[in-house]
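Structure first, then comments.
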Amino acid sequence: SPRSCQPSGASEEALRYEIEELKWKDLALDHEIAELLSEGYSLEEMEQHISLLHEYNDIKDAGQMLLGKLAVIRGVTTKELYPEYDLELSD
């Protein structure tokens, strides 16, 4: 029925809250970008930095996946492999 497709009052309120929260995050990001621009950073530099961070995270995720598979094969925890490869837990 058409009524089942409409959000309930509680979920509608949750959506409104989420929208407001996203608006505040958007404003905060706009403010942060404006600060960086005023400090002399260019949009191109910021985009390059973001691109490099994405690449770093992809490589890190692949490394974590490999460590996880190796840990399973060896029957140890991933944490136990860190010293063997000179990794810090914060890596």
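Some observations on this one:
- Computing Cα extents along the principal axes in Å directly from the structure and comparing it against [x] 52, 34, 20; [y] 77, 23, 22; [z] 55, 51, 19 singles out [z].
- Taking label positions 7 Å along the Cα-Cβ direction at both residue 22 and residue 81, the computed distance is 3.7 nm, reported to one decimal.
- Restriction of the GluC sites (Glu not before Pro) in the range 37-88 to DSSP coil positions whose beta-carbon has at most 11 other beta-carbons within 10 angstrom yields 39, 88.
- Charge-dipole axis of the chain as Lys and Arg at +1 and Asp and Glu at -1 on Cβ define it, positive-most pick from 22, 46, 67: 67
- Pairwise label distance in nanometres, residue 43 with residue 74, each label 7 Å out on the Cα-Cβ vector: 4.8
- Residue 32-residue 58 FRET efficiency (beta carbon distance; Förster radius 22 Å; 0.05 resolution): 0.40
- Radius 12 Å from Cβ of residue 39, net charge of other residues (Lys, Arg +1; Asp, Glu -1): -3
- In degrees, nearest ten, helix 9-38 long axis to first principal axis of the chain (Cα): 70
- Using the Cα coordinates of the range 42-90, the gyration tensor eigenvalues translate into equivalent-ellipsoid semi-axes of 31, 11, 6 Å, sorted from longest to shortest.
Rule-based calculations on the coordinates, nothing more; no lab input. Worth saying up front: this structure is predicted, and the values here are computed from it rather than measured. Here the Cβ is made from the backbone with ideal geometry for all residues, glycine too, and neighbour counts use every protein chain on show.
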